[in-house]
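The values are calculated or read from the model by the stated rules, or taken from the named source; none is laboratory data. What you are looking at is a predicted structure, and each value in this text was computed from that prediction instead of being measured. Ideal geometry is used to build each Cβ from the backbone, glycine not excepted, and the neighbour counts take in all protein chains shown. Side chains included, ligands, DNA and RNA excluded: accessible areas come from the protein's heavy atoms. Shrake-Rupley method; radii C 1.70, N 1.55, O 1.52, S 1.80 Å.
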Amino acid sequence: MANLGFVGLGVMGGNMVARLLDKGHTVTGYNRTRSKAQWLIDRGMKWSDSPRAVSAAADFTFSMVTNAAAINSITEGPDGILAGLGAGKLLIDMSTVSPAVSRALAAKVREKGADMIDSPVSGSVITLQEGKLSVMVGGRRETFERAKPVLQDVGPKVTYVGDNGLALAMKIATNL
């Protein structure tokens, strides 16, 4: 099983962590409000006090936040995800942000010797809980192949669509 991190434990992120724990993965998590993550800690998730600590502890770090401002707040600065990344690590961003924001973040991740895929989802909390979530992936093909088994534990339908930003463009088009 994989050594995972997860930043952003809201309704969707929290339920994804629950699925990953159920599949036997080790998950270290962070959320701005720790009390909202207590149910996951009770289920075996390890808690970290910053996004940096999560990405330093994990081989693959997931992020799932609401917008570009939120992704910047969890990735930038001395306590951000970027500060904890290093060679061979992977950021899997599941946030719905613009393709341009995602591509810029991927470039910063690669400067650290790590890699990133954008992996927005199609579905709802109910779809996720029923194990029917669809995941679209943008990034390098080899990075997709590395992440695919873990992504399948989140939602069984995982589709590679091309370079960074393209999965987000597909999600935005689908939502329209």
* Asked: Which value at 222 nm does the chain reach when only helices count, each DSSP H run of 4 or more adding -39,500 (n - 2.57), with the total divided by all residues and rounded to the nearest 500 deg cm²/dmol?
  -> -12500 deg cm²/dmol
* To do: Quick one: Debye curve from the alpha-carbon atoms of the stretch 1-47 only, equal weights, vacuum; give me log10 I(q)/I(0) at q = 0.14 Å⁻¹ to two decimals.
  => -0.24
* Residues of type lysines that K112 reaches as a straight line, Cα spacing below 26 Å, ignoring anything fewer than 8 places off in the same chain -> K46, K89, K148
* To do: Heads up, I need the accessible area for D59: 1.4 angstrom probe, whole protein in place, Å², nearest 10.
  => 80 Å²
* Structure fact -> Excluding ligands, DNA and RNA, the carbon-plus-sulfur percentage of the accessible area of the chain with a 1.4 Å probe reads 51 percent
* **the chain, relative contact order in percent, only Cα pairs under 8 angstrom and at least six apart counted** => 18 percent
* To do: Rounded to whole Hz and in sequence order, give me ³J(HN,Hα) for the stretch 9-17 from the Karplus expression 6.51 cos²θ - 1.76 cosθ + 1.60, θ = phi - 60°, writing x for Gly and Pro.
  => 9, x, 4, 6, x, x, 5, 5, 4
* Structure fact -> The percentage of Cα-Cα pairs in the stretch 95-149 separated by more than 14 Å is 60 percent
* Around F62, which amide H atoms from residues at least 5 apart in sequence, or from another chain, sit under 5 Å from its own amide H, with H modelled in the peptide plane? -> G5, F6, V7, I92
* To do: Please identify the longest segment of the chain free of exposed GluC sites (Glu not before Pro), where exposed means a DSSP state other than H, G, I, E or B and no more than 15 other Cβ atoms within 10 Å.
  => 1-75
* **Selection from L133, A167, V121 lying farthest towards where the dipole of the stretch 52-176 points positive, charges on Cβ** => A167
* Structure fact -> Within the under-12-Å Cβ sphere about D163, not counting D163, Lys/Arg +1 and Asp/Glu -1 give a net charge of +2
* Structure fact -> The local net charge around V101, scoring Lys/Arg +1 and Asp/Glu -1 for residues other than V101 whose Cβ lies under 15 Å from its Cβ, equals -1
* At q = 0.27 Å⁻¹, what is the base-10 log of I(q)/I(0) for the stretch 41-119 according to the Debye formula with one equal point scatterer per Cα and no solvent? Please give it to two decimals. => -1.40
* **Neighbourhood net charge (11 Å Cβ-Cβ; Lys/Arg +1, Asp/Glu -1) for S134** => +3
* Which label belongs to the value computed from this structure, given these candidates for semi-axes √(5λ) of the Cα gyration tensor in Å: (i) 30, 20, 17; (ii) 21, 19, 15; (iii) 23, 18, 17? -> (ii)
* Accessible area per residue in Å² at 1.4 Å probe, computed on the chain -> 44 Å²
